[in-house]
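Please read the structure below before turning to the comments.
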Amino acid sequence: MALITWSNKYSVGVQNMDKQHTVLFDILNELHESMMKGQAQSVAGKLLRKLTDYTRTHFSAEEAMMAAANFPGLGEHRLKHQNLIKQVSDYAARLEKGDISLYTQLLTFVRDWLGSHIQKEDKEYGVWMNEHGIH
Ligand SMILES: [Fe+2]
Ligand SMILES: [Fe+2]
C-alpha cells in the first residue's frame with residue numbers, strides 16, 4: 001500500500017506545483033516500498049538522495065515562483081523549507097552511520113510534514129497565484 005496518495009485535497013491550484021508534489025509522493029512511496037521489501041540497505045540510500053535532491057529542486061521552483069509573483073509570505077515560507085531540508089539532512093547523516101531503523105521514522109516524518117505543508121503553506125501561495133492569474 002502506498003504511504004501517501006495524491007488527491008484533490010492536495011491541489012494548490014497551480015498545475016506545475018501539483019505535478020511536482022505528485023513526483024515527491026512517488027519517490028516517498030518508492031522509498032517506502034523498498035523498505036517494506038527489506039531493501040533498505042541496498043537501494044534506500046540512493047532513493048533518499050533522490051528524495052532530497054528533488055525536494056531541493058521543488059523548493060527552489062516554488063520560491064522562484066513566489067518571488068516572481070511578489071508573494072508576501074515568501075520569507076516565512078522559505079524558512080519552513082530550510083527547516084525541512086535541515087531535518088532530513090540530520091536523518092540522512094544518522095542513517096549513513098548504519099541505523100536503518102530510522103527509515104520508518106524518516107518516512108513518517110516526511111509524509112506528515114509534506115502533507116500538512118502542502119495543505120497549509122503551499123495552498124496559501126496558491127490563492128495568491130490564482131489571484132494573480134497563475135494556475
Ligand atoms: Fe510544495
Ligand atoms: Fe512549500
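The values are calculated or read from the model by the stated rules, or taken from the named source; none is laboratory data. Quantities reported herein were computed from a predicted structural model and do not represent experimental measurements. For neighbour counting, all protein chains shown are included, and Cβ atoms are generated from backbone atoms with ideal geometry for every residue, glycine included. Quick note on the areas: whole protein, heavy atoms, side chains included, nothing else; ligands and nucleic acids left out. Shrake-Rupley method; radii C 1.70, N 1.55, O 1.52, S 1.80 Å.
Over the chain, give the accessible area per residue in Å² for a 1.4 Å probe, as an integer.
55 Å²
How large is the dipole of the chain about the Cα centre if only Lys and Arg carry +1 and Asp and Glu carry -1, each at its Cβ, rounded to the nearest 20 debye?
In total the dipole reaches around 300 debye.
Strictly over 30 Å apart at the Cα level, which of 37/80; 50/123; 9/80 would you flag in this model?
Too far apart for the 30 Å limit: 37/80.
With unit charges on the beta carbons (Lys and Arg positive, Asp and Glu negative) and the dipole taken about the Cα centre of the chain, which residue among 47, 15, 129 sits farthest to the positive side?
47
Working from Cα positions, state the angle (0 to 90°, nearest 10) between the long axis of helix 45-68 and the longest principal axis of the chain.
10 degrees
For the chain, give the percent of accessible area contributed by carbon and sulfur heavy atoms, probe 1.4 Å, rounded to a whole number.
52 percent
Hey, got a sec? Which trypsin sites (Lys or Arg not before Pro) in segment 58-122 land in a DSSP loop and have at most 12 other Cβ atoms within 10 Å?
Here the sparse-neighbourhood loop sites are 97.
If Lys and Arg each add +1 and Asp and Glu each add -1, what is the summed charge of the other residues whose beta carbon sits under 14 Å from the beta carbon of residue 25?
That works out to -2.
Can you give the helix-only mean residue ellipticity at 222 nm for the chain, where every DSSP H stretch with n ≥ 4 adds -39500 (n - 2.57) and the sum goes over all residues, rounded to the nearest 500 deg cm²/dmol?
-23500 deg cm²/dmol
Once you place label points 7 Å from the Cα toward the Cβ at residue 108 and residue 8, how far apart are they in nm?
In this crude spin-label approximation the distance works out to 3.1 nm.
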